[in-house]
Amino acid sequence: MKQRIMSGMRPTGKLHLGHYLGVIDNWVKLQDDYDCYYQVADWHALTTKYDKTENLRQDVIDVVSDWLACGINPEKSTVYVQSLVPETAELHIYLSMITPQNWVERDPTLKDMAKILKTKEGMGTQINYGLMGYPVLMTADILLFNANLVPVGIDQVAHVELTRDIARRFNNVYNTDFFNEPQPKLNNCSLICGLDGNKMGKSFNNDIKISDTPEVTAKKIMTAITDRSRIKKDDPGHPDECEVAFKYWKIFGSESDINTTRCECENAQRGCADCKKMLASKINERMAKIREKRAYYEEHPEVVEEIIRNGSQKARSEAQKILKEVKNIVKMY
Ligand code: TRP
Ligand code: SF4
């Protein structure tokens with residue numbers, strides 16, 4: 001029997017290259033060796049954006065479209081939406097009963113959010129009950145499929161640790177070994193920075209979307225930071241101080257692309273504008289197939305919706321089995 005994997009992503013709308021290289025590509029590679037459950041965490045979105053839901057439905061479709069375009073295969077993996085698997089909420093209730101309050105209070109993500117909220121004024125400056133329970137909700141996501149492994153970024157590891165703690169606590173309280181203690185599975189790919197050298201993120205306006213056209217990609221790449229000390233084309237450049245463009249070359253170029261770029265840059269044989277034009281072509285080449293698929297799903301949202309419905313149905317029937325066991329263990333009526 002294959003080991004089980006569960007992971008999720010918030011519906012933030014169209015995804016960027018950071019999502020693709022940092023998360024989705026990794027998910028794609030796991031599909032053959034594991035029984036994978038990939039979730040769009042729409043309830044998680046509500047924990048902070050309960051008052052901004054106008055685009056939520058479209059955001060869910062966009063996220064799933066990006067996953068599918070990148071190679072998530074619904075024949076292999078179960079692709080679903082959290083709120084379409086309401087068993088999640090029911091498991092959350094049972095887990096919330098056994099989770100000490102200070103376990104969620106010490107969650108680093110929540111602490112950060114509290115700090116940010118305190119600097120604002122008016123509505124939404126306090127942590128709502130739902131947000132407080134978010135680490136337990138994520139635990140419910142994972143334990144609902146009794147996953148063995150949770151592929152996440154480093155920022156989510158604390159949550160998976162909490163999941164292990166809660167799983168162990170449940171097993172102790174009810175004298176069972178029902179729940180696995182799932183392990184975080186870190187991927188070892190290097191993070192792609194944004195066009196301005198900071199972390200790539202939608203809200204920082206420094207991202208390249210998976211679904212961006214080649215033209216938009218090229219235009220964005222032209223804004224990428226290079227070697228700040230290089231003023232003129234005949235100044236020798238310093239690839240290692242080229243903050244963004246050369247880093248992208250290292251991600252998207254072949255060994256020989258990278259060597260040639262380094263050499264021509266250091267010998268002032270290539271200007272930064274030309275260099276970035278070439279880089280944009282490289283990126284567009286790599287993304288071409290994915291974008292073709294992406295455009296298909298953009299034109300056929302009904303196909304995406306069908307995949308979501310089927311996947312969520314499949315996830316539900318598995319979830320119901322686990323939940324039945326849990327209720328038995330807790331001795332519910
Ligand atoms: N909390 C994760 C994030 O903000 C998303 C998420 C929701 C998740 N449920 C999950 C990740 C379950 C892993 C497993 O990015
Ligand atoms: Fe960076 Fe290329 Fe300019 Fe060199 S030539 S500084 S690698 S953009």
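The values are calculated or read from the model by the stated rules, or taken from the named source; none is laboratory data. The shown structure was predicted, so the numbers you read here are calculated from the model rather than taken from an experiment. In this analysis, Cβ positions are derived from the backbone assuming ideal geometry, glycine residues included, and neighbour counts consider all displayed protein chains.
Could you list, in sequence order, the residues of the stretch 274-286 that are near ligand 2 (Cβ under 9 Å from one of its atoms) and under 32 Å from the mean Cα position of the chain (by Cα)?
275, 276, 278, 279
Report whether or not residue 326 is surrounded by fewer than 17 Cβ atoms within 10 Å (Cβ to Cβ), aliphatic (A, V, I, L, M) and more than 13 Å from ligand 2 (Cβ to nearest atom).
For residue 326, the condition - surrounded by fewer than 17 Cβ atoms within 10 Å (Cβ to Cβ), aliphatic (A, V, I, L, M) and more than 13 Å from ligand 2 (Cβ to nearest atom) - is not met.
Hey, does the stretch 259-268 have a residue that's surrounded by fewer than 15 Cβ atoms within 10 Å (Cβ to Cβ), under 27 Å from residue 71 (Cα atoms) and more than 9 Å from ligand 2 (Cβ to nearest atom)?
Checked the stretch 259-268: no residue is surrounded by fewer than 15 Cβ atoms within 10 Å (Cβ to Cβ), under 27 Å from residue 71 (Cα atoms) and more than 9 Å from ligand 2 (Cβ to nearest atom).
From the list 232, 209, 219, which residue is touching a residue at least 40 places away in the same chain (Cβ under 8 Å), out of contact with any helix residue (DSSP H, G or I) (no Cβ under 7 Å at 6 or more places or on another chain) and away from ligand 1 (no atom under 16 Å from the Cβ)?
Details: 232 fails: touching a residue at least 40 places away in the same chain (Cβ under 8 Å); 219 fails: touching a residue at least 40 places away in the same chain (Cβ under 8 Å).
One residue alone meets the criteria, 209.
Can you tell me which residue within the stretch 170-189, out of those that are of a type in the set (S, T, N, Q) and either closer than 16 Å to residue 36 by Cα or in a helix (DSSP H, G or I) (or both), is farthest from ligand 2 (Cβ to nearest atom)?
Restricting to residues being of a type in the set (S, T, N, Q) and either closer than 16 Å to residue 36 by Cα or in a helix (DSSP H, G or I) (or both), the top hit is 172.
Evaluate the stretch 278-292: report whether one residue or more is touching a residue at least 24 places away in the same chain (Cβ under 8 Å) and β-branched (Val, Ile, Thr).
Within the stretch 278-292 (the criterion being touching a residue at least 24 places away in the same chain (Cβ under 8 Å) and β-branched (Val, Ile, Thr)), the answer is yes, since at least one residue qualifies.
What is the residue count in the stretch 197-225 for residues that are at pLDDT below 95 and within 14 Å of residue 276 (Cβ to Cβ)?
1
Find all pairs meeting these conditions: Cβ atoms under 8 angstrom apart; at least six residues apart or on different chains; first residue within the stretch 127-156 and within 7 Å of ligand 1 (Cβ to nearest atom); second residue in a loop (DSSP other than H, G, I, E, B).
138/41; 141/41; 142/182; 150/182; 152/186
Return yes or no: is residue 247 surrounded by 14 or more Cβ atoms within 10 Å (Cβ to Cβ), away from ligand 1 (no atom under 16 Å from the Cβ) and modelled with pLDDT of 95 or more? Outline the logic, then answer.
Values: surrounded by 14 or more Cβ atoms within 10 Å (Cβ to Cβ): yes; away from ligand 1 (no atom under 16 Å from the Cβ): yes; modelled with pLDDT of 95 or more: yes.
Yes, satisfied.
Of all the residues that make up the stretch 94-108, how many are under 24 Å from residue 324 (Cα atoms) and surrounded by 13 or more Cβ atoms within 10 Å (Cβ to Cβ)?
Counting residues in the stretch 94-108 that are under 24 Å from residue 324 (Cα atoms) and surrounded by 13 or more Cβ atoms within 10 Å (Cβ to Cβ) gives 5.
Could you count how many residues in the stretch 1-57 are part of a helix (DSSP H, G or I) and touching a residue at least 60 places away in the same chain (Cβ under 8 Å)?
We begin by selecting, within the stretch 1-57, every residue part of a helix (DSSP H, G or I); these are 17-30, 42-49, 56-57.
Now drop any that are not touching a residue at least 60 places away in the same chain (Cβ under 8 Å), which leaves 17-23, 25-27, 30, 43-44, 46-48.
Total meeting the criteria: 16.
Pull up the stretch 226-240, narrow it to residues that are crowded, with 18+ Cβ neighbours inside 10 Å and more than 15 Å from residue 278 (Cβ to Cβ), then point me to the one that is nearest to ligand 2 (Cβ to nearest atom).
227
Please work out if residue 316 is surrounded by 14 or more Cβ atoms within 10 Å (Cβ to Cβ), over 24 Å from the mean Cα position of the chain (by Cα) and either among the charged types (D, E, K, R) or modelled with pLDDT under 95 (or both). It would help to see each step written out before you state the result.
On the way: surrounded by 14 or more Cβ atoms within 10 Å (Cβ to Cβ): yes; over 24 Å from the mean Cα position of the chain (by Cα): no; either among the charged types (D, E, K, R) or modelled with pLDDT under 95 (or both): yes.
So residue 316 fails the test.
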